[in-house]
Amino acid sequence: MSGLPHNTQVRITSEGRSGVIHFENPQSTFSMWWEFAGAGALAIINIPSVAQWESTTKLPLSQREDVLRIIGEHVVRTQTSGRGRYDVDEQFITVYADTTV
């Protein structure tokens, strides 16, 4: 896990059709907004860009991929009963529910 502590926590708060993703470990605490999406996606999570990563998260850029993976996996596991997937681009983590039965 590229130097990330094992006691990393991700929490999701909801405020209607949107909310906040809270990330916390001994190195950093930060939040990102999320909202329900359309066009087949369940939700989008706004993430700091590569240029903004270190100033926003107080984590080295080398940990960005691991942190976003931890967040994406947590959201899929807790919000889709583990039956979804996520994609990461420069601005968003997009979460999809598995609609196959």
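Structure notes:
- Label-to-label distance, Arg17 versus Asp66, with points set 7 angstrom from Cα along the beta-carbon direction: 3.8 nm.
- Per-residue ellipticity at 222 nm, computed for the chain from helices alone with -39500 (n - 2.57) per DSSP H run of at least four residues, works out to -6000 deg cm²/dmol.
- Crossing angle, helix 64-79 versus the chain [Cα axis fit, 0-90 degrees, rounded to tens]: 30
- Toward the positive end of the charge dipole of the chain, with +1 on the Cβ of Lys and Arg and -1 on the Cβ of Asp and Glu, the farthest Cα among Thr13, Met32, Trp53 is that of Thr13.
- For the chain, the Cβ-based charge dipole about the Cα centre amounts to some 240 debye (Lys, Arg positive; Asp, Glu negative; other atoms uncharged).
- Remark: accessible surface ordering of Phe36, Phe23 (largest first) is Phe36, Phe23, probe radius 1.4 Å.
- Taking 0.36 nm per residue of sequence separation and removing the Cα-Cα distance, the Val50/Glu35 pair yields an extension gain of 3.3 nm.
- Within a Gaussian network of the chain (alpha carbon springs, distance under 10 Å), most fluctuating of Gln79, Gln52, Gln63: Gln52
- Accessible area in square angstrom per residue, the chain, 1.4 angstrom probe: 58
The values are calculated or read from the model by the stated rules, or taken from the named source; none is laboratory data. Here the structure is a predicted model, which means the values were calculated and not measured. So basically every Cβ, Gly included, is an ideal-geometry build from the backbone, and we count neighbours across all protein chains shown. Areas reflect the complete protein model, heavy atoms only, side chains present, ligands, DNA and RNA absent. Shrake-Rupley method; radii C 1.70, N 1.55, O 1.52, S 1.80 Å.
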